[in-house]
Amino acid sequence: ARHSSRQAAPRPVATGRRNARLIVQAAGKPKQQMLVYVPPHPLVKHWLAVARNAATPTPIFRSALAELGRILIYEAVREFLPTVDGVIDTPMGPADVTCVDPMRPVKVIPILRAGLVLLEQSATLLPASETYHLGYVRDDETLKATSYLNKLPAQFQPDDLVLIADPMLATGGTMMQALQEIVSRGADPANIRVVAVVAAPPALKLMADAYPGLKVYTAIIDAEVNDKGYIIPGLGDAGDRAFGTI
Ligand code: URA
């Protein structure tokens, strides 16, 4: 069979003008639910269409992923970033202002390789951030992810704001390993946002069961993952397409 883990895609539920919102029920924990946001924005749809198209050349694919990263990170930090109020002098006189709290930098964690691309347009978006790289390589046969780079700090504080970037949530193997590393260092899942481009049911299910406090922001939820670990219809290998190594 071409597709081994055929299962119905969770349907995003429109709960307001701003976000389509999907609640993925955690097994055995009826009160806690992982939230998956799919912003119903024409630019999200547009850049996803560009990224999905097999005819899109590498530089355009890469810029589509970077645009999606910027838009989805903008959405992910909407109710996440703490602010401080103050007064500044404009050239015309004093004005009340609200700024992002510089004392609460977002701890951004790209999952290499493709997670780096999601951050390309975001370096200038977050006024205060720190970046900690995590690298995983997936065995094509076993689909098991192995860590080859871990630049995480020894310890997170529970109130640290953590944003993980990985465009493809397929089997969930890589993301679950990353979450385990991050949470075991003290981060609180309720203060973690995951930004992806395409998410699939196997990954969402694993994440919801283990970390019901988590919030996920993605451009689309696709139906299934094939026996090679690729999302169907997905967009192919995001890292290979972004770095021209197909
Ligand atoms: N990683 C990718 O790059 N693509 C998939 O479809 C699944 C995992």
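For segment 126-159 and segment 175-246, write down the distance between their C-alpha centroids in whole Å.
13
Note down the nm distance, to one decimal, between modelled labels 7 Å out along Cα→Cβ at LEU112 and at LEU149.
Computed distance between label sites LEU112 and LEU149 equals 0.2 nm.
Just the number, please: percent antiparallel of the DSSP beta bridges in segment 116-205, rounded to the nearest 5.
45
Show which aspartates and glutamates lie in cross-link reach of LYS144 when reach means a straight Cα distance below 14 angstrom and same-chain residues fewer than eight apart are skipped.
Answer for LYS144, where 14 Å is the Cα cut-off: ASP227, listed by chain and number.
Mind checking which of VAL100, VAL117, VAL77 is farthest towards the positive end of segment 49-195's charge dipole, using Cβ charges of +1 (Lys, Arg) and -1 (Asp, Glu) about the Cα centre?
VAL117
What does the extension gain come out to for VAL137 and ASN53, with contour length at 0.36 nm per residue minus their alpha carbon separation?
Extra length available between VAL137 and ASN53 comes to 27.8 nm.
Run through segment 60-140 and list the GluC sites (Glu not before Pro) located in a DSSP loop whose Cβ has at most 10 other Cβ atoms within 10 Å.
The qualifying sites are GLU79.
Let me know the charge dipole size of segment 72-124 about its Cα centre in debye, to the nearest 20, where only the beta-carbon of Lys, Arg (+1) and Asp, Glu (-1) is charged. Show your work: numbers first, answer last.
Details: 4 positive and 7 negative charges, 74 e Å.
That gives segment 72-124 a dipole magnitude of about 360 debye.
Please check which bits of segment 204-233 a label hung off LYS45 would reach, taking the label as a point 7 Å along Cα-to-C-beta and the cut-off as backbone N under 19 Å.
218-223, 233
Restricting things to alpha carbons, tell me how big the chain is in terms of Rg and Dmax, in Å.
Cα only, the chain: 18.2, 70 Å (Rg, Dmax).
Taking 20 °C and 1.002 mPa s as the conditions, I'd like the Stokes-Einstein D for segment 86-213 in µm²/s, using the Kirkwood hydrodynamic radius from alpha carbon pairs. Spell out each step's value before the answer.
Values: Rh = 16.0 Å.
Stokes-Einstein gives a translational diffusion coefficient of 134 µm²/s.
Using a simple spin-label model with points 7 Å from Cα along the Cα→Cβ vector, what separation in nm is obtained for LEU81 and ASP188?
It is 2.1 nm.
If amide hydrogens are placed 1.01 Å from N in the peptide plane, which non-local residues have theirs closer than 5 Å to the one on ALA187?
PHE156
Between GLU181 and ILE88, what's the calculated FRET efficiency when r is the beta-carbon distance and R0 is 41 Å? Round to 0.05.
0.55
Using θ = phi - 60° and the Karplus curve 6.51 cos²θ - 1.76 cosθ + 1.60, what whole-Hz ³J(HN,Hα) does each residue of segment 236-243 get, with Gly and Pro shown as x?
Using θ = phi - 60°, the values come out as x, 7, 4, x, 4, 5, 6, 9 Hz.
Straight distance only, please: which aspartates and glutamates reach the Cα of LYS107 with their own Cα at less than 12 Å, same-chain residues fewer than 8 apart left out?
Straight-line reach from LYS107, under 12 Å: GLU130, ASP159, ASP160.
Taken together, the values in this text are just the output of simple stated rules run on the coordinates, not laboratory data. Given the structure is predicted, the values throughout are model-derived calculations rather than measurements. Note that each Cβ is placed from the backbone with ideal geometry, even for glycine, and that neighbours are counted across all protein chains shown.
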